[in-house]
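Below: one structure, written as structure tokens.
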Amino acid sequence: MKMEKVRLGIIGVGNMGSGHTDNIMNGLCPEIQLTAVADINPERKEWLAGMVEKYNYSEVKFFDDAIDMMESGLIDACLIAVPHYDHPTYVIESLKHGLHVMSEKPAGVYTKQVRQMNEEAQKHSELVFGMMFNQRTNCVYRKMRELVQSGKYGQIRRTNWIITDWYRPQAYYDSGNWRATWSGEGGGVLLNQCPHNLDLWQWICGMPVKVNTKMHFGKWHDIEVEDDVTTYVEYANGATGVFVTTTGDAHGTNRFEIQMDKARLIATNSTLSVMEYEMSEPEFSKTNTVAFKTVPAKELELELDGKNEQHVGVLNAWAGAILRGDKLVASGTEGINGLTLSNAMHLSAWLGKEIELPFDDDLYYEELMKRVATSRRKENVKASVADVAGTFGGAK
């Protein structure tokens, strides 16, 4: 019998899981029926009952064990919204149980575990595996990718992204004892806030071949992981790039600039500007005879479709892929690319040297485990759930 709606189970109803629950119960994902949730916190059962009453929603069964939910026969698909280390674990279990799966970002904490996850996914071509890269729905970044990938502006020469509007006060880090620890989260701003940006960076510009990073650990907060990062990269064609991020700037900046042979693209928050050159810079430099002249150029008036459907858009596309074979916003197996960048950045900072891609997965894992071994969890921290609706990208 043809499936008319995807029966969904959500694993983890903290910040992001509760946000997805709200969207689905509010009718924003009409092809998804939430039928179950699983969470180890018994207090979330009472919260779920309140949500069902609030939206007059049909029954949603609560499980305190995710595997029990997978084996209940109540669901066709799982959405994974647990702490980072467990993303690959539950993706693999979902696939083995014959369930479609959507994972929150990041794909995992280290590339070694994500490669294992992707290998499992390759065994289940009949199942739809998606990754919650909701920023790919943003018309600004979709247009940037279209222009870069079209080839009309030649090659990329330089990329610069300063993304410092991820501000988080100490209260954010104190909202769970797993937060901002090597053992609980596996990293800081790169692994929690920036998976979206790292994914977009490589999605639009491609992967670099060399990474050199300086980072500070607990510079602005009482945490053990990174909260201030500056990275320099090189691409195979000789282009260079810089990526700067932090959670310590109270009023930060979001500016993504791409210099190409025949254009300059700048994304600033929700706007995109494109300066198109009359000729390519290499051609101009070779033929121009005036010492201080620059390439003639004009600002383009861009037409964007204005769409930015975010989490709802990703879920609706995923449901469409399950029901009709529609295209995903992001395949789950693509999650390894942005994670490769963040792992390379950590490895570069830890070892104090440039890292070439691909790097040694085992070496990264060994270095991470050294830090996990001495990781500290804060005591007397009461976990809290916050409304993420107003956050850029809806970070966990």
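The values are calculated or read from the model by the stated rules, or taken from the named source; none is laboratory data. Computed from a predicted model, the values in this text were never measured in an experiment. Cβ atoms come from the backbone with ideal geometry, glycine included; neighbour counts cover every protein chain shown. Only protein heavy atoms, including side chains, enter the accessible area calculation; ligands, DNA and RNA are left aside. Shrake-Rupley method; radii C 1.70, N 1.55, O 1.52, S 1.80 Å.
Values for this structure:
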quantity	calculated
Ratio of the Cα radius of gyration of the range 141-289 to 2.2 N^0.38 Å, where N counts its residues	1.20
Rounded D (µm²/s) - the range 154-223, Kirkwood Rh over Cα pairs, Stokes-Einstein at 10 °C, 1.306 mPa s	112 µm²/s
Cα centroid separation, the range 128-173 to the range 301-345 (Å)	11 Å
Overall form of the range 264-360 per C-alpha gyration tensor (a/c, 1.5; a/b vs b/c)	oblate
Distant alpha-carbon pairs in the range 221-325 (separation over 17 angstrom), percent	74 percent
Per residue, in Å², the accessible surface of the range 1-142 once ligands and nucleic acids are set aside, probe 1.4 Å	41 Å²
The range 277-371: chymotrypsin sites (Phe, Trp or Tyr not before Pro) falling in loop per DSSP and having at most 15 other Cβ within 10 Å	F292
DSSP-defined beta bridges in the chain - what % are antiparallel, rounded to 5	60 percent
Values of log10 I(q)/I(0), in the order q = 0.07, 0.08 Å⁻¹, for the chain under a Debye, Cα-only, solvent-free model	-0.34, -0.44
Accessible surface of the range 226-319, 1.4 Å probe, proportion on carbon and sulfur as whole %	48 percent
Net charge, H221 excluded, C-beta distance under 9 Å - Lys, Arg +1, Asp, Glu -1	0
Relative contact order, percent, the chain [alpha-carbon distance under 8 Å, six or more residues apart]	21 percent
Spread of Cα-to-Cα distances over 5 Å intervals beginning at zero, given as percent, for the range 52-171	2, 9, 14, 14, 14, 14, 13, 10, 5, 2, 2, 0
Charge tally in the Cβ shell below 14 Å around D361, where Lys, Arg are +1 and Asp, Glu are -1, D361 excluded	-4
